[in-house]
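All remarks here apply to the structure that follows.
Rule-based calculations on the coordinates, nothing more; no lab input. Being a predicted model, the structure only gives us computed values, none of them experimental. Here the Cβ is made from the backbone with ideal geometry for all residues, glycine too, and neighbour counts use every protein chain on show.
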Amino acid sequence: MIQISQNKKNGLMSLLVQDIKLILQKIGFVLFGGTGTVASSPDKFRVDEFQFSYGAGLRYLFNKEQKVNVRVDFGISRNGSTGIYFGIEAAF
């Protein structure tokens, strides 16, 4: 899946690429990479200010009817900082 976000009013531009593989009936594995930047206006974007990150995670299909997933991700940024992220998300 490729997701591209752009908010011209607030100067946000981002790109996320992820690949999810089902490993059990309700559990999936994901690899992802992304980049993004912010600016005070669209004409102020600079290529050298984009921040990059990548990582891997797990997805658990909590409720199939309402498309609710529980996620845990491990991410690494371009400067080497790391983080673990938890979330509960619904797809519409």
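Summary of values
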{"quantity": "Label point distance in nm, residue 86-residue 26, each placed 7 Å from Cα along Cα→Cβ", "calculated": "1.7"}
{"quantity": "Neighbourhood net charge (14 Å Cβ-Cβ; Lys/Arg +1, Asp/Glu -1) for residue 63", "calculated": "+3"}
{"quantity": "Anisotropy class of the stretch 30-71 from Cα gyration tensor, a/c 1.5 cut", "calculated": "oblate"}
{"quantity": "Ranking of 71, 78, 46, 59 by count of other Cβ atoms within 10 Å, fewest first", "calculated": "46, 78, 71, 59"}
{"quantity": "Candidate values [x] 25.2; [y] 14.7; [z] 13.9, label of the one derived for Kirkwood radius over Cα pairs in Å", "calculated": "[y]"}
{"quantity": "Residue 56-residue 18 pseudo-label distance in nm [points 7 Å out on the Cα-to-Cβ vector]", "calculated": "1.6"}
